[in-house]
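The values are calculated or read from the model by the stated rules, or taken from the named source; none is laboratory data. Predicted model, so just to flag it, every value in this text is computed and none were measured. So basically every Cβ, Gly included, is an ideal-geometry build from the backbone, and we count neighbours across all protein chains shown.
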Amino acid sequence: MWHNFDDLIKDGQIVSTREVRREIDNCPVERLRDWAADNGEVFPTPTEEEGAFVAQIYAVPHFQQNIERQKLLKGGVLADPFVIAKASVIEGTVVTMEGLKPNAAKIPNICQYFGVGYMNLEKFMEAEQWQF
């Protein structure tokens, strides 16, 4: 599986954003932090267009719930809107473990509202025809 994942990165089909890297840098899993450090090109700085899209997300009062109060108070990193913005700008698809929930401010709800494609990890692996 990791070989397939690495191939998609090399082909530019898997991308992320700097904010995800910041979340990874603060996670307790050393192997993940090491992987992110070795694959820095996957985590570019958000573009101006992506920043403008993030502003559009938070212009919708309901989606302001997506900002976790503790992260806001502590100046923490919140990658979700930047991932959605990246996908929108490059016309990509967000892969998330979150599910669509009525009236929620989760990644799938925001994606659906803005017409950004999304799928869960299982659907992603099926789409890539990965077999184990």
Review point. Taking the stated definitions as given, is GLU23 closer than 21 Å to PRO108 by Cβ, touching a helix residue (DSSP H, G or I) at 6+ places or on another chain (Cβ under 7 Å), surrounded by 13 or more Cβ atoms within 10 Å (Cβ to Cβ) and among the charged types (D, E, K, R)?
Key: no
Exercise for review: Output the helices (runs of 4 or more DSSP H) that fall wholly within segment 70-132 and possess 3 or more residues being at pLDDT 95 or above, or say none.
Suggested key: 80-90, 107-114
Check your understanding: So which of ALA36, ALA52 is more than 23 Å from GLU91 (Cα to Cα) and at pLDDT 95 or above?
Key -> ALA36
Review point. Any idea which of (1) surrounded by 15 or more Cβ atoms within 10 Å (Cβ to Cβ); (2) without any contact (Cβ under 8 Å) to a residue 40 or more places away in the chain is the one PRO46 doesn't satisfy?
Key: (2)
Exercise for review: For segment 17-33, enumerate the residues that are farther than 25 Å from SER88 by Cβ, in a helix (DSSP H, G or I) and not aliphatic (A, V, I, L, M).
Suggested key: GLU30, ARG31, ARG33
Practice item. State yes or no: is PHE5 modelled with pLDDT under 95, in a helix (DSSP H, G or I) and of a type in the set (Phe, Trp, Tyr)? Key: yes
